[in-house]
Amino acid sequence: MDTFGKKLREAREAKGFSQAELAKHISSYHSIIGKYERDEVKPSIDVVKKISEVLDTTAGYLLGETEDRELLKDPSMLKRLNDIAKFPEQDKACILYALDAMINNVKLKAI
C-alpha cells in the first residue's frame, strides 16, 4: 500500500504544483511538504483536508482509504449517497436496484 507521502507527491505532481506552490496554497512552507512526502512528519487532519481541496482529490485517497483520486469528490453526489444510507433497508434496496438499472442502461448506450 502506498504511503501518505507517496500519494501526496503523486497528487501534487498530477496537479503540476511544486512543493513551494502547494505550501503557499495551504499557508505552509515547502520544507514541511517535503517532510510529508518523505513520511518524516504526519500532517493534522485539517491540513490533509486543505491539501486534498487544493489538489482536487479526497482526504480518503491521501490517507489510503481508496486508490481512486477522484472518488466522491462531488459534494452533491456524496450528499445523495449519505441520504440514501439513512433510509430504511427496503427503500435503500429499491433505490439502489433502480440506480443500478439506470447505470447499466447508460453503459450499454456507450458501447
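The values are calculated or read from the model by the stated rules, or taken from the named source; none is laboratory data. Since the structure is predicted, the reported quantities are computational estimates derived from the model, not experimental observations. Every residue, glycine as well, gets a Cβ built from its backbone with ideal geometry; the counts of neighbours run over all protein chains shown. The accessibility values were calculated without ligands, DNA or RNA, using every heavy atom of the protein model including side chains. Shrake-Rupley method; radii C 1.70, N 1.55, O 1.52, S 1.80 Å.
Remark: the range 101-111, residue by residue, has Karplus-estimated 3J(HN,Hα) of 5, 5, 4, 4, 4, 5, 4, 5, 5, 6, 6 Hz, where x stands for each Gly or Pro and the curve is 6.51 cos²θ - 1.76 cosθ + 1.60 at θ = phi - 60°. The share of accessible area on the chain that comes from carbon and sulfur is 57 percent, using a 1.4 angstrom probe.
At a Förster radius of 22 Å, what calculated FRET efficiency corresponds to the Cβ-Cβ distance of Glu53 and Ser27, to the nearest 0.05?
Working: r = 13 Å, r/R0 = 0.58.
Given R0 = 22 Å and the Cβ-Cβ separation, E is 0.95.
Normalised by the residues of the chain, what does the relative contact order come to in percent, with Cα pairs under 8 Å and at least six apart?
20
What pairs from Lys15/Lys49; Lys7/Lys49; Lys6/Lys42; Lys7/Lys50; Lys7/Lys35; Lys86/Lys107 go past 18 Å between their alpha carbons? In this structure, Lys86/Lys107 exceed 18 Å between Cα atoms. Rolling a 1.4 Å probe across the protein heavy atoms gives the chain an accessible surface of 70 Å² per residue. Each of the peptides 14-20, 35-41 was scored by the mean count of other Cβ atoms within 10 Å over its residues; in descending order, highest first, they stand as 35-41, 14-20. Helix 45-54 and the long axis of the chain differ in direction by around 80°, with both axes built from C-alpha atoms.
Each Cα pair under 8 Å and six or more residues apart adds its separation to the average, and for the range 9-51 the resulting relative contact order is 28 percent. Computed from Cα atoms, the angle from the helix 75-85 axis to the main principal axis of the chain rounds to 50 degrees. Using a simple spin-label model with pseudo-atoms 7 Å out from Cα toward Cβ, Lys107 and Ile95 lie 2.1 nm apart. The charge dipole of the chain, taken about its Cα centre with unit charges on the Cβ atoms of Lys, Arg (+1), Asp and Glu (-1) only, comes to about 220 debye.
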